[in-house]
Amino acid sequence: MKSRYFFVHVVLTICTYGFSYGQQSVFKVFANKGQIELKSGENKSPLKTGANLKDEDIIIIGENGYVALVHSASGTPKEIKTAGNYSVKELAADIKPGSSLVTKYTEFILSSNSPESKKNRLSATGAVHRGLEDIHVFLPEQPHTKMLNNTAIVRWESKSGHAGPFIVKLNNMFGDELSAFETSDFEIKIDLADPKLTGEPDVLLKIVSKGDPRSSSRDFIIHKIKDQARITELRKELMEFELDEESAFNKIILAGFFEQQKLYIDAIGAYEDAIQMAPEVASYKEAYDEFLIRNRLKESKQQ
């Protein structure tokens with residue numbers, strides 16, 4: 001009798017394990033936009049960011065829809081930009097083994113934007129304090145002012161509501177003016193390969209309201225990495241990504257790489273590129289905002 005009960009127990013255990021195994025997540029939804037449904041068995045429901053997809057699921061993408069997925073086993077990113085019905089099982093079959101770096105930084109991006117991570121951030125004490133300056137610039141302060149790339153995208157806001165125009169001043173460390181720009185926007189792209197800037201290891205950036213010189217930012221340092229050994233190390237690691245540079249989701253992953261390396265200005269550039277490539281994907285804007293807040297470059301409105 002005991003052996004019979006043991007046999008039944010083993011069969012039930014195997015069946016239960018097999019069922020749960022079949023229900024394991026194959027992909028996680030990182031971002032989506034448009035009319036997209038998830039078909040699980042006979043049930044259909046709107047696809048949600050953060051959802052776990054299983055083998056038997058089908059993704060139904062409408063016109064102009066977009067989905068960014070992360071393969072659960074390899075961490076490989078997968079984007080779908082064309083309308084149609086997609087079997088999760090078939091999508092998984094097409095996934096090629098990703099590099100360990102891709103997995104590492106994809107997992108970092110997922111964990112950084114998880115509900116638990118946001119909850120922990122909100123429960124942490126402290127806020128961003130940038131003194132009394134009216135113009136708040138979304139740039140890091142020392143010691144995180146280094147950057148690898150030549151292009152820095154700088155954004156700012158005026159606490160008092162000044163609408164511009166603004167003067168963007170670039171000086172050397174002795175206060176000598178290297179370049180200056182006038183803009184009515186709240187952002188500017190700075191090219192460190194500009195001959196006026198290439199000879200300077202550090203560039204000081206300051207933004208002033210043209211109509212009210214009392215409304216200004218503090219000085220921010222932008223430091224182009226000159227250490228050739230460090231540059232070689234970083235570029236070698238970047239080469240191992242084997243990512244499509246034209247992919248918005250891959251830009252998000254690159255942002256994770258730069259953030260882990262404390263190259264926050266380069267991370268900002270990667271986020272900006274991703275949003276420019278996929279401006280309607282709210283998840284990318286939210287990820288960018290979370291990056292700014294957790295690295296104390298922007299105040300959380302919930303603090």
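Read-outs: derived from the displayed coordinates by stated rules, not from any lab. Keep in mind that this is a model prediction, so the values were computed, not measured. Cβ sites come from the backbone with ideal geometry, for glycine too, and all protein chains shown count toward neighbours.
Numbers below:
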{"item": "Shape call, the range 213-277: gyration tensor on alpha carbons, a/c limit 1.5", "result": "oblate"}
{"item": "Spatial separation of Cα centroids for the range 198-237 and the range 47-75, in angstrom", "result": "39 Å"}
{"item": "Pair Lys81, Ala163: separation of 7 Å Cα→Cβ label points (nm)", "result": "3.6 nm"}
{"item": "Normalised contact order of the range 160-251, rounded percent, pairs of Cα under 8 Å and 6 or more residues apart", "result": "24 percent"}
{"item": "Three-way shape call for the range 255-303 based on the alpha-carbon gyration tensor, with the a/c threshold at 1.5", "result": "oblate"}
{"item": "Cα gyration tensor category, rounded, prolate or oblate, for the range 162-292 with a/c compared to 1.5", "result": "oblate"}
